[in-house]
1. Mind listing whichever residues of region 236-245 are in a loop (DSSP other than H, G, I, E, B) and more than 16 Å from the ligand (Cβ to nearest atom)?
2. Suppose we keep only residues that are touching a residue at least 24 places away in the same chain (Cβ under 8 Å) and open to solvent by 80 Å² or more (accessible area, probe 1.4 Å) within region 393-415. Which one would you say is farthest from Thr163 (Cα to Cα)?
3. I'd like the full set of residues that are free of Cβ contacts under 8 Å to residues at least 60 places away in the same chain and in contact with a Gly (Cβ under 9 Å, 6 or more places away or on another chain), limited to region 276-313.
4. Could you say whether any residue in region 104-126 is open to solvent by less than 40 Å² (accessible area, probe 1.4 Å), under 16 Å from Met184 (Cβ atoms) and in the same structural domain as Leu197 (by TED's automatic domain parsing)?
5. Criterion first (hydroxyl-bearing (Ser, Thr, Tyr), outside any strand (DSSP E or B) and touching a residue at least 60 places away in the same chain (Cβ under 8 Å)) does Ser389 satisfy it?
6. Go through region 312-345 and give me each residue that's of a type in the set (A, V, I, L, M, F, W, C) and farther than 19 Å from Lys254 by Cα.
7. Select from region 1-57 the residues that are small (Gly, Ala, Ser), more than 30 Å from Gly147 (Cα to Cα) and surrounded by 14 or more Cβ atoms within 10 Å (Cβ to Cβ) and list them in ascending order.
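The values are calculated or read from the model by the stated rules, or taken from the named source; none is laboratory data. Keep in mind that what you see is a predicted model, and the values were worked out from it rather than measured. For neighbour counting, all protein chains shown are included, and Cβ atoms are generated from backbone atoms with ideal geometry for every residue, glycine included. With ligands, DNA and RNA removed, areas are computed over all heavy atoms of the protein, side chains included. Shrake-Rupley method; radii C 1.70, N 1.55, O 1.52, S 1.80 Å.
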Amino acid sequence: MERRFDATAKTEKELQALQLEGLKWTVNHAYNGSDHYRKKFDKAGVKPADIKTLKDIRKLPFTTSKDLQEGYPFPLLSVPMEKVVRIHASSGTTGKRKVLCYTAKDVDDWAEMFARCYSYADCTIEDRIQIAVGYGVWTAGWGFQNGCERFGAMSIPIGPGNTDMQCQFLEDFGTTAMCCTASMGLLMAEEINNRGLRGKIALKKMIFGSERASEAMRTRISELSGVSYDQLYDIPGMTELYGPGTGLDCRYHKGIHYWADYYILEILNPDTLEPVPPGEMGEMVVTTLKKEAAPLIRYRTRDLTKLITEECPCGSVMPMHDRLLGRSDDMFIFRAVNIYPSHIDQILSNIKDVGSEYQIVLFRKDKGGKDHMTIRVERAHDVHHSHDSDKHMRKAVEHDIKKQIMVSCDVEIEDYGSLPRSERKTKRVFDNRD
Ligand code: ZN
């Protein structure tokens, strides 16, 4: 299938040639342009000329968030300051905030990548795209906005929140696609349903950024909004790597196609830093191929995922990774077991009558005592309160958590709609153990 803004590489071999060229360029550029990188390379005993094949990437030292902190406010800068046309920063407290510089070409490359995302989501220039993510110093709004303009569809830069105005725009402007977090998507789907807007609006696509959406949540969004399930897309992205728009799952949803002509993705065992076998879970480590202002060389993202090894029916040469399991930073340790919130949402998604919203509460009954976990789940919207069905649901959750994660938990069943909804990311884990 021909897609606009697709890579020039049409075969794996062509793609690898582009990657090698980009890798050599990046290593030279960083070595010559950044004292920080040059010192790291010298310490690791590697010179740009040592990079002769793609496999040689393994000779290069890793970059971590510590490098970003050390270089604050303009870390990894590899061009003269006057070439920088924009900065973006991640949300987060001082010291943890990540600031990245962009040259004019970086901004342009990012728009190209993002335009490709709209193309993979089967958008056309006829689409009217309501961009309900934050505009500001962070990357979200700018990414969706510039990508939309580059792609050529009509953008409606509304930003997050304000459901009254969101609904009014859906009706008045004939919005066909909405970009938001999955939490906001659920909120909007509930509003669309409550206000009886289905049938009055033209919405047929949603693109979710920055937050994992569980199967249960996607199903619910689709049911309530009338947007077909296969038209719900996921855009991953992080500030360090331009921002959102570095990949997208196509309509077959076999995995997230990532733009391998802009960056190399390694999946490594986070403990040994050796590659895991294809299809196994590991940490995403990225190396950019064209980024000028702040190139990334083997940057450890802390995000966990796996490569998808099957081919996608869409025929794209762009490889795929799975949806992110979560950040290794989101992991919590409960009675010596490593648990990811996403693991719990996967389990809950498969239990009958359980809704999409949940909270995990960790606590101790007495100081220094044993850890306890309570999972609060909502009944699904069409399930009414009854002593028996609640008991059944409670047992099912306890049983499946015990079986799959090997820990015990208490379960509280709540009314549908009683757990908080959010316009941004929904907080799931409440760790009250200290
Ligand atoms: Zn595909």
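1. Those that are in a loop (DSSP other than H, G, I, E, B) and more than 16 Å from the ligand (Cβ to nearest atom): Tyr242, Gly245.
2. Taking the candidates together, the pick is Met406.
3. Listed by number, the residues that qualify are Val276, Leu304, Thr305, Lys306, Leu307, Ile308, Thr309, Glu310.
4. no
5. No, not satisfied.
6. Across region 312-345, the qualifying residues are Met331, Phe332, Ile333, Phe334, Ala336, Val337, Ile339, Ile344.
7. Within region 1-57, no residue meets the criteria.
Listed here are the residues, each with its yes/no results for (1) within 20 Å of Thr426 (Cβ to Cβ); (2) crowded, with 21+ Cβ neighbours inside 10 Å; (3) away from the ligand (no atom under 16 Å from the Cβ).
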{"site": "Ala294", "(1), (2), (3)": "no, yes, yes"}
{"site": "Ile308", "(1), (2), (3)": "no, no, no"}
{"site": "Cys312", "(1), (2), (3)": "no, no, no"}
{"site": "Gly315", "(1), (2), (3)": "no, no, no"}
{"site": "Met318", "(1), (2), (3)": "no, yes, no"}
{"site": "Asp322", "(1), (2), (3)": "no, no, no"}
{"site": "Gly326", "(1), (2), (3)": "yes, no, yes"}
{"site": "Phe332", "(1), (2), (3)": "yes, no, yes"}
